[in-house]
1. Would a scan of region 106-128 turn up a residue that is polar (S, T, N, Q) and touching a residue at least 60 places away in the same chain (Cβ under 8 Å)?
2. Residue pairs, Cβ under 6 Å, 6 or more apart or interchain, first in region 69-82 and on the phi < 0 side of the Ramachandran plot, second part of a strand (DSSP E or B) and within 7 Å of the ligand (Cβ to nearest atom). List them.
3. What number of residues within region 134-171 satisfy the criterion of being of a type in the set (Asp, Glu) and surrounded by 14 or more Cβ atoms within 10 Å (Cβ to Cβ)?
4. Is region 165-176 home to any residue that is within 16 Å of the ligand (Cβ to nearest atom) and of a type in the set (S, T, N, Q)?
5. Residues to consider are Leu33, Leu85; find the one that is at pLDDT below 95 and touching a Phe, Trp or Tyr at 6+ places or on another chain (Cβ under 7 Å).
6. List pairs: first in region 49-65 and at positive phi, second modelled with pLDDT of 95 or more, Cβ under 8 Å, 6+ apart or cross-chain?
7. Check Leu105, Leu85 and return the single one that is within 12 Å of the ligand (Cβ to nearest atom) and surrounded by 23 or more Cβ atoms within 10 Å (Cβ to Cβ).
8. Any residue in region 135-161 that is on the phi > 0 side of the Ramachandran plot sitting within a Cβ distance under 6 Å of a residue that is part of a helix (DSSP H, G or I)? List the pairs, counting only those 6 or more apart or interchain.
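The values are calculated or read from the model by the stated rules, or taken from the named source; none is laboratory data. Given the structure is predicted, the values throughout are model-derived calculations rather than measurements. Positions of Cβ are generated from backbone atoms using ideal geometry, with glycine treated the same way; all protein chains shown enter the neighbour counts.
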Amino acid sequence: MKALGVLAGLVILSPVLSWAQAQDQRERTATELMEAVMWNKEPVGGPFALTDHTGRRRTDEDFRGKLMLVYFGFSSCPDICPTDLMAMGLALDRMGPAGEAVQPLFITVDPERDTPEQLANYVPNFHPRLMGLTGDAADIRTATSAYRVYYAKAEISGGTSYTVDHSGFIYLMDREGRYLGFFPPRTSAEQMVTVMKPLAAAR
Ligand code: NI
């Protein structure tokens, strides 16, 4: 009887495990990931280990004690990335000294082209404290999976170059690295200030 119980347990367990593994490994659709964030279906955020735009190794733990404002994009993005990064930079400026409590991060979804050198040319356009982060494909995948970020390479017609489709939520994390919520793409600097200022003041 006992052996049968163990056997029954195994039969029930194994499909669950393989399903979880499959969830982890397969490509997730843009809609699925958008819904995961919008409806708070899955935890957002988690550990990452990347290289910053000065070539230094960085992990999420380096930013404990600060709020993290996290954006995923790529430096040759023609439109949405610069707009949202500009709003982030402007918001931090407008917060004055209180803005020091916030660490803005730009994590690339195009590590092939976004080397530390490339990011070093790019991030200062938006804010002096904006940190660009890159890594190998697997390290970037770890970060994007944790934040439920969708991204996919798309050929530009003509075939010589590519762009990267990506989701554009701007994530706000607390001083322990826990997820607080997201700003949707195109949130204005004023709105970010309204949300972040009380959080930056509270200790
Ligand atoms: Ni973009």
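1. There is no residue in region 106-128 that is polar (S, T, N, Q) and touching a residue at least 60 places away in the same chain (Cβ under 8 Å).
2. Cys81/Gly73
3. 1
4. yes
5. Leu33
6. Gly55/Pro116; Gly65/Arg175
7. Leu85
8. Arg148/Leu33; Arg148/Ala36; Arg148/Val37
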